[in-house]
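See below for the structure under consideration.
The values are calculated or read from the model by the stated rules, or taken from the named source; none is laboratory data. Treat the numbers as computed from the prediction; the structure is a model and nothing was measured. With ideal geometry, Cβ positions are generated from the backbone for all residues, glycine too; neighbour counts draw on all protein chains shown. In case anyone asks, the SASA skips ligands and DNA or RNA and just uses the protein heavy atoms, side chains included. Shrake-Rupley method; radii C 1.70, N 1.55, O 1.52, S 1.80 Å.
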Amino acid sequence: MINSKCFLFGFIFFCVISFSCNSSKTSKVEDTRPYFEGEIKLSEARGLYGALTKVNTTYYISENRIKREQRWGGVYSVLDNYAGIIIDMEKDSVTMYYADKFSKVKNKHTLSIKKYKTYLETKTIPNGIPSPVDHTFELLPEYKLIHHVKDSTVIHGFTSDFSRYHDNSDFLKQDIFDSKEIKVKRDFLELIFINLPKEINFPLASESKLTFSEISNDSIIKGKQTKALDQFARKLLRKKDSTINKESDLEKLASNKWLNLGLKILKKGVDLNIHVTTEVSEFSARELLDIDISLPSGDFTSVLEFDDFLEDLPTGGGGDFDD
């Protein structure tokens, strides 16, 4: 009887030890790396004349504070408009600001992090330029991950992953390069990058483009998305093409040489214009000063209501491309 009890206790002890060992093996390893501290500048080009219409965004990042500021570059730099956001975890504070030189608007709004999170869920921050928050992940109507390559390249010494997204139409695609080696608190990223995908850390490069030219003319004409094009083409061809004596069907449209030529030109032009690229222009890992994560100089008007602050932000530019 005693031997049976000893055996039972021994078996239980062995099971407990084995379970503990297996649990320790499967538990997530704690990331003990220090948080990134420094300055990252991104340069964005939009549309056919992207080299002339740059958008410059600077991030000042530390363990408990972050500042994002966006300004026009290129030919629009003379406007001297800017917008930004400063988040301080220790002070539980979010300060958003916007300045427009010509309209003489210079506003700021301060609120708690909890309140700010609530507004992100219930309100829409205008996606014009400049903007206090990042709209990189609002360029597509929806984001579906179709390709992911881990450790695909190195950007400024940081190994970066590649992710490709598209929407339902397959016309729009966006490529993202992000690095897990730049350790930033997830809360910071989600508070600044609207609609940030869960697999993305700090994005170092992005390219969003319309791949209309990759779609065959036949698919465009016969696709469900192009019923409007079909109707438009029917009316056009009835007036311009004397060889068509009755209602054209989709097969006749697909074989019409003038329509196909027009589509080729249209597709190429659309692709060139709906094209947004972002890349690192400057990178500096350094200890930040208080002035780095402070409001720009000058007197700002404190706006009490969040909605009132949003009303003065630009509403055009985020989705408006060069004509």
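At-a-glance table
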read-out: Of all residues in region 67-125 being of a type in the set (Phe, Trp, Tyr) and at pLDDT 95 or above, the one that is surrounded by the most Cβ atoms within 10 Å (Cβ to Cβ); value: Tyr98
read-out: Residues being of a type in the set (S, T, N, Q) and modelled with pLDDT of 95 or more - total across region 285-323; value: 3
read-out: Looking only at region 128-146, and only at residues there that are outside any loop (DSSP other than H, G, I, E, B) and open to solvent by 50 Å² or more (accessible area, probe 1.4 Å), the one that is modelled with the lowest pLDDT; value: Glu138
read-out: Matching option when the condition is modelled with pLDDT of 90 or more, under 26 Å from Phe283 (Cβ atoms) and in a loop (DSSP other than H, G, I, E, B), among Val184, Val149, Val154; value: Val184
read-out: Options Tyr82, Tyr119: the member that is of a type in the set (Phe, Trp, Tyr) and either under 23 Å from Lys185 (Cα atoms) or touching a Phe, Trp or Tyr at 6+ places or on another chain (Cβ under 7 Å) (or both); value: Tyr119
